[in-house]
1. Once you place label points 7 Å from the Cα toward the Cβ at A35 and L64, how far apart are they in nm?
2. May I ask you to sort D224, D253, D208 by Cβ crowding, counting other Cβ atoms within 10 Å and putting the fewest first?
3. Which GluC sites (Glu not before Pro) in the range 259-356 sit in a loop by DSSP (not H, G, I, E or B) and have at most 14 other Cβ atoms within 10 Å of their own Cβ?
4. Who wins for biggest fluctuation among V65, V302, V184 in a Gaussian network model of the chain, springs between alpha carbons below 10 Å?
5. Specify the inter-centroid distance of the range 214-244 and the range 136-168, based on alpha-carbon positions, in whole Å.
6. Put +1 on the Cβ of every Lys and Arg and -1 on every Asp and Glu Cβ in the chain; which of H112, S135, L20 then has its Cα farthest towards the positive end of the dipole?
7. What are the chymotrypsin sites (Phe, Trp or Tyr not before Pro) within the range 1-94 that DSSP puts in a loop, where the Cβ has at most 15 other Cβ atoms within 10 Å?
8. Report, to one decimal in Å, the Kirkwood hydrodynamic radius for the range 54-95 based on all distinct Cα pairs.
Amino acid sequence: MPKNPPFWSPGAYAARRPYLLARARIVQALRAWFAEHGFLEVETAALQVSPGNETHLHAFGTELVGPDGARQSLYLHTSPEFACKKLLAAGEARIVDFARVFRNRERSALHHPEFTMLEWYRANEPYETLMNDCSAVLTTTARAVGTKEFRFRGKTVDPHATPERLTVADAFERYAGIDLLGTVRNGSGDRSALATEAAKAGVVIAQDDTWGDMFSRILAERVDPYLGVDRATILYEYPLPLAALARTKPGSDKVAERFELYVCGVELANAFGELRDSTEQRARFEAAMTEKQRIHGERYPVDEDFMEALERMPEASGIALGFDRLVMLATGAQQIDQVIWAPIAEPQLNRKRNRS
């Protein structure tokens, strides 16, 4: 099959260079915005004891060999989150990191094994403040490249428009006719109840689908297509079974302080009002790793240093934004490789040829 030219070939690079120059302008503009708003830019190490403890994220493993020959398993981080929270525990109040992160088993128009995660944290500030930040980031990005609309696969968004704020429960009711929170009981998802709701909505589920599997299926099929169209959407108050590292919303036993930002149907950012209870966080990590072991046959260790720092961390909110996707939306690029300076070459089939 034909071999794609390497990214550095003059023709291929010339086609990508306008996107890359736009990327550079966006980086410069966002760095200026964060500095203006009192953020300190930090640089976190990619090598970590744990890459993160999410069920469906896959890490790159490696090994540290000391001068004495002692060996320690390490991972390339899937997010700088653990390190950033340790810095909050150390006393930093507003930090931002343009972090290179690594995720295995991911390669598509919107996924690359190594990419840039823009993460920022605010100590002693509510997570609703991050919603305002998202609006500012979209506007700043648009101004940096001189565009009045973001676009991807036929969908457009006005980056200067105030994002729509929509709860997950309202989105499921509006677009799928499903009473989602009626299937959340005592902080857990009731599989049977959601299966019944899915059947009423005509969503096909598998016999072995968990509550979380069904949630993801309904979200992808019935909700996602309507998010981030014409203007950005902030989908907030995720149900507690999907809280991840977010704290429970005060006064609720069903939802967490978590939101995701959608633009042109693309999930662009994930934000938390940060959980500080290490006992609860450990229980969530263990549950996620048990599920990972069941589905994927592997599990990652818990970073005990992070668990200790979590108890000392102040109240905080934090967000992770896919920077390469942001550049794609602002420039109209259709493939993530177009906006990465030196993308990893994809494996070529039939590269070995018989030699006579």
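1. Computed distance between label sites A35 and L64 equals 3.2 nm.
2. Values: D224 19, D253 11, D208 7.
Ranked by crowding around the Cβ, least crowded first: D208, D253, D224.
3. On the way: sites: E260, E267, E274, E280, E286, E291, E298, E304, E308, E311, E315; in loops: E298, E315.
In loop regions of the range 259-356 (DSSP not H, G, I, E or B), the sparsely surrounded GluC sites (Glu not before Pro) are E298, E315.
4. Its mean-square fluctuation being the largest, the pick is V65.
5. 18
6. L20
7. Working: sites: F7, W8, Y13, Y19, W33, F34, F39, F60, Y75, F82; in loops: F7, W8, F39.
Within the range 1-94, the qualifying chymotrypsin sites (Phe, Trp or Tyr not before Pro) (loop, at most 15 other Cβ atoms within 10 Å) are W8.
8. On the way: mean 1/r = 0.0787 Å⁻¹.
Averaging 1/r across every pair of different Cα atoms and inverting gives 12.7 Å.
Each value in this text was obtained by applying a stated rule to the coordinates, not by laboratory testing. Since this is a predicted model, take the numbers as computed values, not measurements. All Cβ positions, glycine included, derive from the backbone under ideal geometry; neighbour counts span all protein chains shown.
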